[in-house]
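To keep things clear, I will list the structure first and then write my remarks on it.
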Amino acid sequence: MNPHAFASDNVAGFCPEAWTTLAAANAAGPVGSYGDDPFTAEACDLIRQVFETDCDVFFVFNGTAANSLALQTLCLPYQAVICHELAHLETDEAGAPEFFTGGAKLLTRPGPLAKLTPEAVESALANRHDFHFSKPSALSLTQATELGTVYQLDEIRNLTATARGHGLRVHMDGARFANAAATLGCSPAEMTWRAGVDVLSLGGTKLGSGIGDALVFFDKALARDFAWRCKQAGQLASKMRFLSAPWTGLLRDGAWRRIAERANGLARELRAGLEAEGVEILFPTEANAVFARFRPEVQKYLHEKDWHFYSIAGCGDARLMCSWQTTPGDLEIFLTDVRKAG
């Protein structure tokens, strides 16, 4: 039994594809530092191929840095970012976006299933327009959302059109970008720059790279001097190859999509198994997360059996995550314990 199997996709280690290319980078001997190496060059080129465009790519240590530095490029200290009230920016970054932007405000709005609507964005823009109030300059979308739901392509296009109509730039927090793309069956390009996204925080850590996320600037003008931002923020790795090399394993032959499809599929199986046991499922299972509400005695039994999971939505939920390392056997053992607690 793996008690951490469903706690988070962060509990998984390097996936084999990423580990192999990381080992190759380590075995290569001395190479250039700070990204001046063949592994970083290949990873950047592969991201450009996957997204079908000439974009600027930077590797940072984690998603918090990716999100915060992206917003730093889009906002001056007196400006504001519109995001959902459950966005990771708001709930799980310890004020990092405000810190890195020098004070830019997060304007949060509600929306069904953790997704913003054009109407919600318009309401944030309608607040005030005088210089006593933070001036909105960016819209941030989380894909997949904190509730495991996924923006459909038309929803993204409608939101970016609303943003464009008011002169806002668009950032996408894609910590679980691959899971969302696998669900939609679309190309990464369709979900980003072709839909109006300017900059993407591309998640690799949760997918299986082990450590390190990427920032992808589709509007290359926004990336001007970004290397200096990374350096100042302590996000410029001297041995950059160990952040970038795992990406080559994820991207070379489409492993990223296979990994995401498998994790999503296991989440659907887990949901079906829980429903068969009479467990209430709170939200649609559109990526690799299942949100369930266990009866108190069931939750107590599962904790006593040392199963780890978090409450994220704050409504008595249990968030169960599937990763590349989750197995059908994990599902079987967990569901057996749910049944025993019945």
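The values are calculated or read from the model by the stated rules, or taken from the named source; none is laboratory data. The structure presented is a predicted model; accordingly, all values stated were derived computationally and were not measured. FYI the Cβ positions are ideal-geometry reconstructions off the backbone, even for glycines, and counts take in every protein chain you see. To get the accessible areas, we keep the full protein, side chains included, count just its heavy atoms, and leave off ligands, DNA and RNA. Shrake-Rupley method; radii C 1.70, N 1.55, O 1.52, S 1.80 Å.
List the pair-distance distribution P(r) of the range 134-223, using every Cα-Cα distance, as the percent of pairs falling in each 10 Å bin from 0 up to the bin containing the longest distance, rounded to whole percents.
Binned Cα distances yield the sequence 17, 51, 28, 4.
Just Trp307, Trp228, Trp193 to compare: in a GNM of the chain, with alpha carbon springs under 10 Å, which one fluctuates most?
Maximum fluctuation in the GNM of the chain, among the listed residues, is at Trp228.
Considering only protein heavy atoms and a probe of 1.4 Å, how much of the accessible area of the range 1-147 is carbon and sulfur, as a whole percent?
Heavy-atom surface of the range 1-147 belonging to carbon and sulfur, 1.4 Å probe: 56 percent.
Please report, in whole Å, how far the alpha carbons of the chain spread along each principal axis, starting with the longest.
58, 57, 32
Just the number: Rg to Rh for the range 216-342, Cα atoms, Kirkwood Rh, two decimals.
Here Rg/Rh amounts to 1.13.
Answer with one residue from Gln143, Ile82, Ala25: the one whose Cα lies farthest towards the positive end of the charge dipole of the chain, charges on Cβ with Lys, Arg +1 and Asp, Glu -1.
Ile82
Can you spot the lysines whose alpha carbon is less than 21 Å from Lys305's alpha carbon? Ignore those fewer than 8 places along the same chain.
Result set, ordered by chain and number: Lys340.
Using a 1.4 Å probe, what is the accessible area per residue for the chain, in Å²?
I get 41 Å² per residue for this part.
Treating cross-link reach as a plain straight distance, find the lysines whose alpha-carbon is under 21 Å from the alpha-carbon of Lys220, omitting any fewer than eight places away in the same chain.
Reachable lysines: Lys231.
Near Lys135, which aspartates and glutamates are there with a Cα under 20 Å away, not counting those fewer than 8 places off in the same chain?
Glu85, Glu90, Glu98, Glu119, Glu122, Asp198
Which of Glu286, Glu42, Glu275 ends up with the largest GNM mean-square fluctuation for the chain, with Cα atoms connected below 10 Å?
Glu275
On the protein heavy atoms, probe 1.4 angstrom, tell me the percent of accessible surface of the range 191-321 carried by carbon and sulfur.
Solvent-exposed carbon and sulfur of the range 191-321 make up 50 percent of the total.
Would you please report the Å³ per residue occupied by the convex hull of the alpha carbon atoms in the range 287-334?
Value for the range 287-334: 83 Å³ per residue.
Can you give the FRET efficiency to the nearest 0.05 for His4 and Ala221, using r as the Cβ-Cβ distance and R₀ = 45 Å?
Between His4 and Ala221 the formula returns 0.55.
Could you state the number of Å between the C-alpha centres of the range 303-331 and the range 84-146?
28
Starting from the range 114-164, pick out the trypsin sites (Lys or Arg not before Pro) whose DSSP state is loop and whose Cβ has at most 13 other Cβ atoms within 10 Å.
Listed in order of number, the matching sites are Arg128.
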